[in-house]
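Engineer: If you scroll down you'll find the structure; I have some questions about it.
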Amino acid sequence: MFAKFALPLLSISALAGSAIAAPFNPKTQSLARRYQSFDNWGGISSFDGFDNFYGEDNFSGVVSSQVVVEQQEEVVCQSLSIEIVQQRLLVLQEMARQIITEQICEVETQTVVFQQFVSSCSQFSSDLLRTSGRQVGYDSNIVSNFGNFYNSDGSLSTSDFGFSGSDAGQSLIVPSGNNWDSSSSLHQSVVLSMPLLALPPALLPVPR
Ligand SMILES: *[C@@H]1O[C@H](CO)[C@@H](O)[C@H](O)[C@H]1NC(C)=O
């Protein structure tokens, strides 16, 4: 089966390479156009219902609406040692690897769903740089499922968390205390140019 789909897989990977580099825009980039639907793609059953999560033609689940949660107390960022942060992000990355390798058996589906994850994540770059028009925060309802990830024996849970991709952003927490200042071009140029100049051009977020 793998040989049969090797060619489509290759072309997906080539397209997906650019999804890593920039936020995936289904209107201008061709993955969603060329593959209107991944439902049951290639007759592979693990693709069944793929499009239900974000909707057809919405490969990377570009968040279009956000609902900010009324908070009792403001959530404020705190400055920690960067290694503490890097450790947690690596945990999330390794968990993604675990889910994809333990809960999907077809390489085709593993590849496509991982690229969906990467291009969906990459939208956050343009949120951070305030070029997306979206607020910069996270969905507290979705985060709250973290505690249900593992069974008590340490294996990955297989339960249905009961949400869909379209729920992302509907319970938004927007932490304050960061140094973004929309009225200050100095801050903007510091934030935009200094750290990003160190990145290879291919990794720079593209403003919409
Ligand atoms: C695409 O998915 C995102 C995230 O789930 C959702 O907010 C948005 O409404 C969806 N867009 C369409 C056109 O379905």
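Please treat every number below as a calculation from the coordinates, not as lab data. Quantities reported herein were computed from a predicted structural model and do not represent experimental measurements. Here Cβ is always computed from backbone atoms with ideal geometry, including for glycine, and neighbour counts include all displayed protein chains.
Engineer: Provide Thr101, Thr131, Thr111 in ascending order of the number of other Cβ atoms located within 10 Å of each residue's Cβ, fewest first. Let's see the in-between values first.
Structural biologist: Numbers: Thr101 11, Thr131 15, Thr111 19.
Placing the least packed residue first, the sequence is Thr101, Thr131, Thr111.
Engineer: Still on this model: Give me the net charge for the shell around Phe149: Cβ to Cβ below 15 angstrom, other residues only, Lys and Arg +1, Asp and Glu -1. Before the final figure, lay out each step's value.
Structural biologist: Working: positive: Arg88, Arg97; negative: Glu94, Glu102, Asp153, Asp160.
Around Phe149, the surrounding residues sum to -2.
Engineer: Less than 13 Å Cβ to Cβ from Ile104, Lys/Arg counted +1 and Asp/Glu -1: what total charge do the surrounding residues give? It would help to have the intermediate numbers written out before the result.
Structural biologist: Details: positive: Arg97; negative: Asp48, Glu102, Glu106, Glu108.
Result for the neighbourhood of Ile104: -3.
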